[in-house]
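Presented below is the structure to which this report refers.
What follows draws every value from the coordinates through simple rules; no lab data is involved. Keep in mind the model is a prediction, meaning the values are calculated, not measured. Note: ideal-geometry Cβ built from the backbone for every residue, glycine included; neighbour counts use all protein chains shown.
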Amino acid sequence: MSDTEAFPTSTMVIKNETLIPQMDLRALNLDDLLYLTRDQRSLLDFLQSYNLIASSQKCSCHREMDIRQKKNEKFFWQCSPCRTTYSILKDSFFYGVRIPLKEFLVFLYLWAYKMVSYKTLKRECRITANCTVRDYKMVIRNICVEHFLRHPEIIGGKGCRVEIDESLFSIRKYTTGRILKQVWIFGGYEEATNGGFLVAVPSMDADTLIDLIKEFIHPGTIIISSCWSAQDRLGLKGCKNLKRTHKCNFIDPTHLDVETVWQDAKKERDKAECGAHGKTANSYFAEFMWRQKFGNAPLEILFQQIAEMYPV
Ligand SMILES: [Zn+2]
């Protein structure tokens, strides 16, 4: 049996006159992933077939570049006439990753299927430092954040329940860990529909919060918040205003017997992460919403979103 026959294929993409099978990612298991990325060339073909790295590259002199291989097996782009070279990972999500690419793909796979303990990720991806695991988890959570920022849904409605969260969010450059900027991120999630939104604002005050609730949450919604007190931020006047103009009621589940999915998930997460830092809370909210929404095809969706956010 040839390599291309070994796996069920959904579509075929043509590159360099070679047919590359693109496997149905919903059916792919870890064994398949390891086989499909068994050497450098296979690994690149795999990444190219999902548009995670470029399949062609133009030089600054406008000529098409070729893929070349160094003696140490590393591939790179080269323009033959002017000798310019680029990283094979140029412009991709993978540029700057400090662990071998194959291990990073395994990391993405394990994360997608919620095998996210530090111990597992360190062992399976041959990572020695906890901070590397933390950084890469954050990088993937940023994909979740970015997705809901790019595709916010307006949620709630009369009698519907929406859980909300807000936090100061640091956007970091993962190759250096340097903070690029800090923004307030406000989010909402509706369990009944798995719908959600995130929105970034430079500052968060009562007026901003009222505007955001009116923009993203339908009138008549029951709003659940406890990790922060929306009531505190809005004040009595703000709460009354929202109730009058937008028919929204606030519930604090810490004071009432209210079942919440996000709050429960957060308690679990706090245990697993030894009390995640408050400033990263919203990326956990994003991860939570992402898993609720895309948990049935996590790797496929993760690859699609990476390809959307890092066009090559
Ligand atoms: Zn050139």
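Set against the 2.2 N^0.38 Å expectation for a compact globular protein, the stretch 3-130 has a Cα radius of gyration ratio of 1.15. For the stretch 3-130, lysine pairs with C-alpha atoms less than 23 angstrom apart, excluding pairs fewer than eight positions apart on the same chain, total 19. Listed from fewest to most Cβ neighbours within 10 Å, the set 65, 309, 138 follows the order 309, 138, 65.
Using the count of nearby Cβ atoms within 10 Å as a rough guide to exposure, how do 248, 61, 79 rank from fewest to most? Write down the numbers at each step before the final one.
On the way: 248 22, 61 10, 79 19.
Lowest count first: 61, 79, 248.
Report, in debye and to the nearest 20, how large the dipole of the stretch 3-130 comes out about its Cα centre when Lys and Arg carry +1 and Asp and Glu carry -1 on their Cβ.
Numbers: 19 positive and 14 negative charges, 147 e Å.
It works out to roughly 700 debye.
Neighbour counting of Cβ atoms within 10 Å sorts the residues 50, 95, fewest neighbours leading, into 95, 50.
Sorted by average packing, counted as other Cβ atoms within 10 angstrom per residue and highest first, what order do 129-135, 218-224 take?
On the way: 129-135: 14.9, 218-224: 18.9.
Top to bottom by mean Cβ count within 10 Å: 218-224, 129-135.
3J(HN,Hα) couplings calculated from phi for the stretch 234-245 with the Karplus curve 6.51 cos²θ - 1.76 cosθ + 1.60 (θ = phi - 60°) are, in sequence order, 7, x, 4, 5, x, 4, 4, 4, 5, 5, 6, 8 Hz; Gly and Pro show x.
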